[in-house]
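Notes follow once the structure below has been shown.
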Amino acid sequence: MGHLDSVLTPLGLQQANLKGEQLSDVNIAVIYSSDLGRCRKTAETIQTYLSKSADLVLLDGLREIDFGVYQGKPYDDVPVIEGGYIVTPFPGGESNEVMARRVISVINDIYEANKGATVLVVTHSGPISAILAAHSGSALDDMLKHKTNNRDIVELDMYQKFSSPLLYGIKS
């Protein structure tokens, strides 16, 4: 889907309710979410389960990668290019590197604004891969091959700002 806005499917709503139940006892100070409908609805659903009121902040910087002309099309319709789309942008869109730098910048801003607090970030699989790559020091291309699924909750402790993730596992 990329930057295309979409509603949360019935299965997605069921998964959001389950996540809300799982997070109901967590003292979340703020919820940050991609501004796209599927994430926004997930965040709003989880918010209703929290025992303590948490503000919801929508951020376009947490959006999925912009697939350009391939948004909304099946992965099989996206042509394979030499080296992939890590540093080469999708035509009319962005590269995974650009998406990762955008997302990590937003995560670092969230960290600065909430040091010591528990926050919830609701975003898409590409941005989650970028966050996990930056957190673990893993290569972005490897993390993108092993994306989280829509049922997952990922818990991370953050003690400092992130550096941009490695693109190919090679430190420059």
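Summary table below
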| item | result |
| --- | --- |
| Qualifying positions in region 68-83 - out of contact with any helix residue (DSSP H, G or I) (no Cβ under 7 Å at 6 or more places or on another chain) and either among the hydroxyl-bearing types (Ser, Thr, Tyr) or touching a residue at least 24 places away in the same chain (Cβ under 8 Å) (or both) | Gly68, Val69, Gln71, Gly72, Tyr75 |
| Residue list for region 3-35, restricted to those being touching a residue at least 60 places away in the same chain (Cβ under 8 Å), crowded, with 16+ Cβ neighbours inside 10 Å, in a loop (DSSP other than H, G, I, E, B) and within 16 Å of the chain's Cα centre (by Cα) | His3 |
| Tally, over region 66-77, of residues that are farther than 22 Å from Ser33 by Cα and loosely packed, with under 14 Cβ neighbours inside 10 Å | 6 |
| For Arg102: the one exception among (1) touching a residue at least 40 places away in the same chain (Cβ under 8 Å); (2) closer than 22 Å to Pro165 by Cβ; (3) out of contact with any Gly (no Cβ under 6 Å at 6 or more places or on another chain) | (3) |
| From Gly72, Gly93, residue being modelled with pLDDT of 95 or more and closer than 30 Å to Leu11 by Cβ | Gly93 |
| Enumeration of residues in region 113-146 that are surrounded by 14 or more Cβ atoms within 10 Å (Cβ to Cβ) and free of Cβ contacts under 8 Å to residues at least 40 places away in the same chain | Ile128, Ser129, Ala130, Ile131, Leu132, Ala133, Ala134, His135, Ser138, Ala139, Asp142, Met143 |
| Ala54 surrounded by 18 or more Cβ atoms within 10 Å (Cβ to Cβ), free of Cβ contacts under 8 Å to residues at least 60 places away in the same chain and out of contact with any Cys (no Cβ under 8 Å at 6 or more places or on another chain) | no |
| Region 37-60, residues that are within 16 Å of Val7 (Cβ to Cβ), in contact with a Leu (Cβ under 8 Å, 6 or more places away or on another chain) and of a type in the set (A, V, I, L, M) | Ala43 |
| Residues located in region 86-124, provided they are in contact with an Asp or Glu (Cβ under 9 Å, 6 or more places away or on another chain) and in a loop (DSSP other than H, G, I, E, B) | Ile86, Val87, Thr88, Pro89, Phe90, Gly92, Gly93, Glu94, Thr123, His124 |
| Candidates Arg40, Arg101, Arg63, filtered to the one that is at pLDDT 95 or above, among the basic types (Lys, Arg) and surrounded by fewer than 17 Cβ atoms within 10 Å (Cβ to Cβ) | Arg101 |
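The values are calculated or read from the model by the stated rules, or taken from the named source; none is laboratory data. Bear in mind the structure is a predicted one, so any value in this text is a computation, not a measurement. Every residue, glycine among them, receives a Cβ derived from its backbone with ideal geometry; neighbour counts consider all protein chains shown.
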